[in-house]
Each structure stands twice: as C-alpha cells, then as structure tokens.
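One structure is given here, and the rest of the page talks about it.
We did not get these values from a lab; they are worked out from the coordinates using the rules stated. Everything quoted here is computed from the prediction, not taken from an experiment. Cβ sites come from the backbone with ideal geometry, for glycine too, and all protein chains shown count toward neighbours.
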Amino acid sequence: MKDKIIIPLLVVTTFLSSCIQMKQQAIFDAPAEQEIPEGIENFYALNVFEGKLNGEHWFSKPPEIETKACLDITSAYFITPELDESGEAIVESAMRWTWDKKAGDCSWMGMGLGWDGWSGKDLSQITNKAAIQLKVRSVKGDLKSLPLAACLEDYGDNQLWIGFHPHVIENGVIRDEGWTNIILPLAEFEWDIAPNIDMSNIKQMIVQFEAGGDLYVKEINVIPFKGGFTKRVEIAHAESLNLSIDGQSDEDAWGHAQEVEFSTYKVKSLSDDENLYFLLSFESNQAMINPFEDGGMWNGDAFEVALSTNHKINKKRPFMSSSDKHFVVNLQNKIAWDYRDSKVINEIAVAEVKDGDSYQFEFKVPLSSLDAEPFIKDVNYQIEFAVGKSSADGSKREMQYKWNSGGKDGFYAKPALWGDMTITPLK
C-alpha cells in the first residue's frame, strides 16, 4: 500500500435534494435495529460512529485532485415514517460515502474513525467475543458485495485488516430501502499477517476504498459476537461424568450436550476433568468396513477428530502446532490411531449400538492418551469432526464428510479449517 495522505475532515453538511422516505418492512431474519449493550466484558467504547460527522473522523483528500473525483464523505438525512412525541417527523442522520478510484489518479482512498476521543482502546480481551457492525444502505439498487477493506490500527502504526467479503453482509444483500448490517468479527481479521498488533492500544478504525461505490452509513458499533464465521460447538463440562461407555445415550448428561450435524451425521460432545466424550449417530444400509489397523484407517469407515489444546495460539495457522491433536477411530474394529505420534491409542474406549440401519457409537478419550491438559472453561479452542465412508468392497474410502471445512481439503494439516470449541459448565 502506498503512503496515505491524511487531511483532517472538515464536516460538510449536505442535505439531499429530496428527502428519502423509508418504508417499514421486515427485510432480514435478524433485525438491523440491534440494542447495543453498555459493555462487552470490560470494554465500553462501543460506539465508533453514530449519525453525525465530527472531529474523530478524517478522509483522504489528495491536494492535486478534486475531492469528489476520488472520495467524498458528506452528511445525509432521512425522514422516517415515525413521529416523535410532539407529532413532528423524526430525522435520522448518516454519512454518505461516494468514491470512484478510476476518476483520477487515486493511489489510495480511505477514511479513519478515531472514536472515544482518540484514546487508546483495549480490545485485547474481546477478540473472540465481539465484532464491528456497520449499518449501511445502498444509495441506488441492490448490492451483493462491497470493494472495501477495514483495519484496526494501534498507536505503533501496526494494522490488522479484513476485507468486506460477501459473507459479512447480513442476508447477502444491501438494499436502498432499509438498513443492512455489515458484521466484521474480530476473530476473522487477518491475524496471521499482523503479529505485532497491540489490541490493548487501538487508535482508530480505517476503511480503504477500491473501485467505486455510493453508500449510506448510519452507525458503526462494537457488538457482542462469538468467534468468527466458522462453526461453533460448546462442549458441556462437569468435574466427573462417570458415563457408561455402552453406545447408549440414556444418561442425563447426553441430553444436555450440544449436537452438531453435517450431511447425515450427528455428533454430541461432553467433557470432564479427565476425558472427552463423543457420540456419533448416523444411518447406513452397509455394514462398517475398515480393514486397516494403522494410519491408513482414514481409508475406510472411520471417525476422525482434530483439535487444539492451546487457546492462545493463532487460529488462522496453516500448519499443525505441537499442541494440536489428531486421531481416528476405526468403526469396524474400534481401534484408534494417533496421527501426531503415529501409534495406536489403546486407552480410547469405543462402544457401538446398531438398530436396523441406525448406528450409534460412543467414545471415551482420556486426555492423558493425547498428552493433553484439562481444558480451560469459556475460552476459544478449535475442533474438527470428519467421518469416512468406505466403498462397498472395502478397498478404499468412497467419501469423507466434514463438519466445518466442508468441501475444503487438508483439515488434517491446516487448523485454519477447523471450527471453534468452547468448554462450558454442564447445566
């Protein structure tokens, strides 16, 4: 990126030539008018922008180019259908982003929001518990993508970036009637290329503009948001569960376990101070086939689990750490194999119940068998589940189904493809 040209913003109040009448209609599954809490953990500087431009904002204005030829940030106003207590129309304020990189020699276009009086803001304790939400609206027509990127910049000039990918747009479309949420989870920023970012001393949020566009922005807030866009599972924990490993699921604890589902497979998980427990259920008109007894078990009917045991490690890492674990269980002969240490895990207990075409497997995995310490509650780890389905003649794997990584290959080597896992108290 070339050096930014930063000139303090002069607030320009521009009334639209004709007021825009907002129609009252339900556009989204989740309402855009989300109530903002007083704080998230111990972080209280939740309001980044609310309606009116002020001295906490700037945007790039190259001196040799007319402002509007590249990027223009102005004020906009909307008359809502509602009336206030005195019967007067309610007017909402917003800012309008108008930009066109092709209009001139616009080497870099951006704006910054230094909120909370440009103080250093400590987001270090909420990186897996919060997101930055923008309430936006198209000036004209529907938008399914935005050529924008955002970053958090600390007072050491280190920057942590995220692109405005299509999946950050709530329900996938920005309309010119009603407000849409853009949600940027802190966990989804590009942490792997920002190793020096100081999240305890954030100066500002920067938005970078590419191509061209025209957009209204009414609010920008820090909101509660668990993890990122990856799938999440909360594993219920008790000090000691004393489950009978018999393939049944009649203990009360299994009734309180969260179930995840992928393809036709369902997995429940529990934990206590010494073990992880899994319950795998599915339908199959074929008997379990897996003639392998070593690392080749993945090539038949098998259940695989990969997980992290260090919650502080970079979640976007494209390689396995020494604290990551990966094992597979042969669903025919119940033998387990440790892929990290290349050995059979004799301590894993497996039981099966079959009723017609319905299979249910129960697994008890001692933490000691994985050389793992007890998990810390309410922090973010990672996990991935996969089930291999053998061909009818048992010669090879016909298909593999995965929980979070779906059709992406390589979960066995790339923890960045795993889902999120949190240990929570059993209720």
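Considering only Cα-Cα distances, which of the following residue pairs are longer than 31 Å: LYS144/LYS312; LYS140/LYS414; LYS129/LYS396; LYS129/LYS414; LYS121/LYS268; LYS52/LYS316? Distance filter (> 31 Å) returns LYS144/LYS312; LYS140/LYS414; LYS129/LYS396; LYS121/LYS268; LYS52/LYS316.
Applying the criteria of a DSSP loop state and at most 11 other Cβ atoms within 10 Å to the trypsin sites (Lys or Arg not before Pro) of the stretch 265-333 yields LYS312. Calculated FRET efficiency, ALA351 to LYS226, Cβ-Cβ distance, R0 = 30 Å: about 0.35 to the nearest 0.05. Semi-axes of the equivalent ellipsoid of the chain are 49, 23, 21 Å, computed as sqrt(5λ) over the eigenvalues of the C-alpha gyration tensor in descending order. In plain terms, the chain from LYS396 to GLU261 could stretch by 46.2 nm, reckoned as 0.36 nm per residue minus the Cα-Cα distance. Bridges between two residues of the chain, per DSSP, are antiparallel at a rate of about 90%. In the chain, helical runs assigned H by DSSP with n ≥ 4 each contribute -39500 (n - 2.57); averaged across all residues and rounded to the nearest 500, the mean residue ellipticity at 222 nm is -500 deg cm²/dmol.
Expressed in Å, the radius of gyration and Dmax of the Cα atoms of the stretch 40-151 are 17.2, 50. With viscosity 1.002 mPa s and temperature 20 °C, the Kirkwood radius over alpha carbon pairs of the stretch 286-416 converts through Stokes-Einstein to a diffusion coefficient of 138 µm²/s.
Ranked by the mean number of other Cβ atoms within 10 Å of their residues, highest first, the peptides 48-58, 301-311 come out as 301-311, 48-58. The Cα trace of the stretch 353-427 gives Rg and Dmax of 15.9, 45 Å, the first to one decimal, the second as a whole number. In this structure, the amide hydrogen of ILE235, modeled 1.01 Å from its nitrogen in the peptide plane, lies closer than 5 angstrom to those of THR422, ILE423, THR424, counting only residues at least 5 positions away or on a different chain. Rounded to whole numbers, the Karplus 3J(HN,Hα) couplings from phi for the stretch 245-258 are 7, 10, x, 8, 10, 8, 5, 4, 4, 5, x, 9, 7, 6 Hz, using 6.51 cos²θ - 1.76 cosθ + 1.60 with θ = phi - 60°, and x at Gly and Pro. Here the stretch 163-250 yields Rg over Rh of 1.14, to two decimals, using C-alpha coordinates and the Kirkwood radius. Listed values for the stretch 157-169 are Karplus-derived 3J(HN,Hα) couplings in whole Hz (6.51 cos²θ - 1.76 cosθ + 1.60, θ = phi - 60°), namely 6, 7, 10, 10, 10, 8, x, 7, 5, x, 6, 7, 8, and x replaces Gly and Pro.
Charge dipole (Cα centre; +1 on Lys/Arg Cβ, -1 on Asp/Glu Cβ; no other charges) of the chain amounts to roughly 1260 debye. Extension gain, LYS102 to ASP84, is 2.1 nm, computed as 0.36 nm per intervening residue step minus the present C-alpha separation.
Each residue, PHE319 and SER249, gets one label point 7 Å from its Cα in the Cβ direction; the gap between the two is 3.9 nm. With a cut-off of 14 Å between beta carbons, the residues surrounding GLY295 carry a summed charge of -2, where Lys and Arg count +1 and Asp and Glu -1.
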